Amino acid sequence: MKIATYNVNGINARLPVLLRWLEYSKPDIVCLQELKAPDEKIPKKAIEDAGYNAIWFGQKRWNGVAILARDLEINEVMRGLPGDPDDEQSRYIEALVGDILVACLYLPNGNPAPGPKYDYKLRWYERLSSRAAELLEMETPVVVVGDYNVMPTDLDVYKPERWEDDALFRPEVRLAFKNLVEQGWTDAIRKLYPDEVIYTFYDYFRNAFARDAGLRIDHFLLSPQLDKNLMDGGVDRDVRGWEKTSDHVPVWIELK
């Protein structure tokens, strides 16, 4: 089974890229982030014509997450991360897809830091940690996947000294991710490639993609039931070079 995550940076603006990539990569399960569209504007027919079932949690102009599945039934478990009933941002959706519980997330950016957006990001990490602990207690295999907006280590960022004050690299955020993983999760890409430089995001500015000046901020966390089945994984880096593409690249893993 191939599971992928892709921050599309606007599902309607990037629809030709998304459809081309789905045909190119043929993942079984896909988590999308930054749909930037309300529910009624999600291109459902185009996704279905590509061979995928889908559920989504959209939002006008910003945020938005979706789960797609090919030849697999999707049973939604929840939309919205528990812990803050006043949180109106569409950043989390959870579903049972086949035999796997899939949690798709788009964690807040948090800039500028310090400030209210950064505080919201840290609170969101606390809420995610609480939900993740509950998921680990289940007997169902779980993957928590998406754009975490964190570079966990210096290996995950080009020229880390330039990012010390950024909300994606501040010590509190890296510690929050580290504590989350240490609940018992496996960072799938880093397990497969413990010492390699792998990036999942390249800024549109400063010719970042051509210079390979990227960040690794899109992650797969696997429960112990899935960790033992991890076979392969990587990034579809060439997609970042396509016309009118997202600033993220698709990331994928394969499970037995």
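Take the residues of the stretch 180-224 that are β-branched (Val, Ile, Thr) and part of a loop (DSSP other than H, G, I, E, B): which is nearest to the chain's Cα centre (by Cα)?
Result: 217.
Which of the residues that make up the stretch 148-205 are aromatic (Phe, Trp, Tyr), closer than 20 Å to residue 34 by Cα and open to solvent by less than 80 Å² (accessible area, probe 1.4 Å)?
Within the stretch 148-205, 148, 199, 201, 202 qualify.
Please list, ordered by first then second residue, the pairs with beta carbon atoms under 9 Å, 6 or more apart or interchain, first in the stretch 80-98 and at positive phi, second of a type in the set (Phe, Trp, Tyr) and buried (at least 16 other Cβ atoms within 10 Å of the Cβ).
80/57; 80/92; 83/124
I'd like the full set of residues that are assigned to a loop (DSSP other than H, G, I, E, B) and open to solvent by less than 30 Å² (accessible area, probe 1.4 Å), limited to the stretch 79-137.
Listed by number, the residues that qualify are 80, 81, 90, 91, 107, 108, 110, 113, 115.
Based on what the data block shows, is residue 40 more than 23 Å from residue 221 (Cβ to Cβ), part of a helix (DSSP H, G or I) and either in contact (Cβ under 8 Å) with a residue 40 or more places away in the chain or not aromatic (Phe, Trp, Tyr) (or both)? Give the steps one after another, and end with the answer.
On the way: more than 23 Å from residue 221 (Cβ to Cβ): yes; part of a helix (DSSP H, G or I): yes; either in contact (Cβ under 8 Å) with a residue 40 or more places away in the chain or not aromatic (Phe, Trp, Tyr) (or both): yes.
When the stated conditions are applied, residue 40 passes them.
Any idea which of (1) touching a residue at least 40 places away in the same chain (Cβ under 8 Å); (2) part of a loop (DSSP other than H, G, I, E, B); (3) under 17 Å from residue 110 (Cβ atoms); (4) in contact with a Phe, Trp or Tyr (Cβ under 9 Å, 6 or more places away or on another chain) is the one residue 169 doesn't satisfy?
Every listed condition holds for residue 169 apart from (1).
Give the residues of the stretch 39-64 that are touching a Gly at 6+ places or on another chain (Cβ under 7 Å) and open to solvent by less than 30 Å² (accessible area, probe 1.4 Å), sorted by residue number.
Matches in the stretch 39-64: 42, 58, 64.
Name the residue that is surrounded by the fewest Cβ atoms within 10 Å (Cβ to Cβ), counting only residues in the stretch 225-241 that are part of a loop (DSSP other than H, G, I, E, B) and in contact (Cβ under 8 Å) with a residue 24 or more places away in the chain. Talk me through it step by step, then tell me what you get.
Of the stretch 225-241, the ones part of a loop (DSSP other than H, G, I, E, B) are 228-229, 236.
Filter again for in contact (Cβ under 8 Å) with a residue 24 or more places away in the chain, leaving 229, 236.
Numbers: 229: 13, 236: 17.
Restricting to residues being part of a loop (DSSP other than H, G, I, E, B) and in contact (Cβ under 8 Å) with a residue 24 or more places away in the chain, the top hit is 229.
Identify the single condition in (1) hydroxyl-bearing (Ser, Thr, Tyr); (2) within 16 Å of residue 31 (Cα to Cα); (3) surrounded by fewer than 16 Cβ atoms within 10 Å (Cβ to Cβ) that residue 140 does not satisfy, given that it satisfies every other one.
With respect to (1) hydroxyl-bearing (Ser, Thr, Tyr); (2) within 16 Å of residue 31 (Cα to Cα); (3) surrounded by fewer than 16 Cβ atoms within 10 Å (Cβ to Cβ), residue 140 is out only on (2).
The values are calculated or read from the model by the stated rules, or taken from the named source; none is laboratory data. All values derive from a computational prediction rather than experimental measurement. Note: ideal-geometry Cβ built from the backbone for every residue, glycine included; neighbour counts use all protein chains shown. Side chains included, ligands, DNA and RNA excluded: accessible areas come from the protein's heavy atoms. Shrake-Rupley method; radii C 1.70, N 1.55, O 1.52, S 1.80 Å.
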